Amino acid sequence: MVGLDNKARFLTGSTMRHVVVMTLTGSIGLVFMFLVDVTTLFWVSRLGDEGLMAALGFGWTIQFFTISSGIGLMIASMALVSKSIGQDKLELARRQTTSAALYTFVFQLFTAALVIIYRREILAFAGAEGQTLEDAALFLLISVPSLPFMAIGMVGSAVLRSIGDAVRSMSVTMSAGLVAMLVDPLFILGFGWGFEGAAWGIVVSRTVSAFLSIWFVVRVHNMVGPVSREVLHSLFKPFLAIAIPAVMTQLSTPFGNYVLTKVISAYGDAAVAGWAVASRIAVLAFGGIFSLSGAIGGIIGQNFGAQQMDRVKQIYKDALVFCVIYTSLSWGILALFREPVVTLFGLDGLSREVLLAFMLFGAGGYMFAGALFVSNTAFNNLGKPIYSTFCNWFRDGILIFPCCVMMGWWLAGPGVVYGQALSAVLAGTAAMIWAWRFVDRLATR
């Protein structure tokens, strides 16, 4: 059993070291999980039907909404638990862990039911039609019911990050990736399940990840406390105070992706197929940036709970520096290997142009998207989650549609990719300036 005195481990030591260690261990698990998406797309591409790749792209777009709502609930869990640990309130942190898991499971169960009932209407509005729509609807019917189990795994991973257990948190996400990597080729080609096999691989991987996170949280760290109706009621409002704006913040990203998919679908299934590959390559190449926002949440939360505001300011600065270095390296690698990747997925024509546009130019926008993610994490863990909601919706609700449409008119399918990058540059710069002033003000006080 890990000692209780080891849980507030972010209050001392190098802030950059904490940022790098938590981010890299988190990104290993996250990148591994995203690698599975890429391999899934690869195995589906072996079926020789570009329409199935487009269907997978539409299916992932809708899944993005459901996963993002879970990430918002995970953020609320991390903010509450890490702050309580920083304040040395371990019993409260245990009760918050149990309560957050119950709230999240019920919410995601309700979300899954809505998506399953209205999946065809949602897909049609995104631009799917004909057999592509039917294939994507089947993909959602099989995979979405596993959403509540994935949510449990995400809350468990958040709690592990809150107490600084980077290795086990990484293991939770890696377990999902490892299982999916093993079963995908078996289900898709070995058993002859084809496109349906990709969906069943998601179900199995999410279930395994959930059980592993429960084991680590309960058996290794003893971070689950007994709750009653009164406790659930008393913790519900503090949880919602962070969860609602955090969920709204996270939903903006899939909304922006939904808008982008709808805009690019006007150029045909080939453009959607190219974007499906580009989006999977993006989460694989920039997994460290996605992981960064989750990694520093626990670090900021503990130091904020202990009122060590100078360290909070330094953590924010270190995270931005890490973001620039990581993104520059990843972008360079993508640009260098763009032709082999296009060949690997057998793309040609417009789908090839869309993927090349992303790998050569559009990927650069993730430097500013990373700054946006880091700023959102600072707001979420410093008591102003509504600020992060505004920042994200400024990008995905206001900027992305006119940017993508304008660039699409000019450069067709590839222009939509450039439009997404432009929206990230504008929103990321604004969020970074706002968050820096906010953190500096708190440190001065």
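Running a GNM on the chain with Cα contacts under 10 Å, which residue among Ala319, Ala266, Ala278 ends up with the highest mean-square fluctuation? The residue that fluctuates most here is Ala266.
Here the gap between Met16 and Ile117, fully extended at 0.36 nm per residue and compared with their Cα-Cα distance, gives a gain of 31.7 nm.
Set against the 2.2 N^0.38 Å expectation for a compact globular protein, segment 51-133 has a Cα radius of gyration ratio of 1.51.
Relative contact order for the chain: 24 percent, from Cα pairs under 8 Å spaced at least 6 residues apart, divided by residue count.
Derived from the Cα gyration tensor, the three semi-axes of the equivalent ellipsoid of segment 71-212 are 33, 19, 10 Å, largest first. Provide, for q = 0.06, 0.07, 0.08, 0.14 Å⁻¹, the log10 of I(q)/I(0) from a solvent-free Debye sum over equal Cα point scatterers in the chain. These q points yield log10 I(q)/I(0) values of -0.23, -0.31, -0.41, -1.32.
Think of the chain as having a plus end and a minus end, set by charges on the Cβ of Lys, Arg, Asp and Glu; of Leu251, Thr40, Leu24, Leu24 sits farthest toward the positive end of this dipole.
Rounded to the nearest 0.05, the FRET efficiency derived from the C-beta distance between Asn222 and Ala335 at R0 = 51 Å is 0.60.
With a simple spin-label model that places each label point 7 Å from the Cα along the Cα-to-Cβ direction, the separation between Phe125 and Phe211 comes to 3.7 nm. Kirkwood hydrodynamic radius of segment 99-170, from the reciprocal of the average inverse Cα-Cα distance over all distinct pairs: 13.8 Å. Taking the chain as a Gaussian network of alpha-carbon nodes connected by springs under 10 Å, the highest mean-square fluctuation of the residues Gly346, Gly274, Gly298 belongs to Gly346. Taking the C-alpha atoms only, the angle from helix 229-265 to the longest principal axis of the chain is near 20 degrees.
As a rough guide to protection, the peptides 416-429, 105-118 ranked by mean Cβ packing within 10 Å, highest first, stand as 416-429, 105-118. Just so you know, the Rg over Rh for segment 250-380 is 1.07, from Cα atoms, with Rh as the Kirkwood radius.
For the chain, the longest principal axis of the alpha carbon atoms and the long axis of helix 50-86 meet at an angle near 10°.
Taking the Cβ-Cβ separation of Trp409 and Ala241 as r and a Förster radius of 56 Å, what is the calculated FRET efficiency to the nearest 0.05?
In this case the efficiency is close to 0.85.
Modelled this way, with points 7 Å down the Cα-to-C-beta line, the labels at Asp310 and Thr444 are 1.7 nm from one another.
Highest GNM mean-square fluctuation among Leu235, Leu147, Leu284, for the chain modelled with Cα contacts below 10 Å: Leu235.
Distance between the C-alpha centres of segment 115-164 and segment 400-445: 27 Å, rounded to the whole angstrom.
Each of Arg280, Arg161 was scored by other Cβ atoms within 10 Å of its Cβ. Listed from fewest to most, they are Arg280, Arg161.
Bear in mind these aren't lab numbers, they're just calculated from the coordinates by the rules spelled out. No experiment lies behind these values; they were computed from the predicted model shown. Ideal geometry is used to build each Cβ from the backbone, glycine not excepted, and the neighbour counts take in all protein chains shown.
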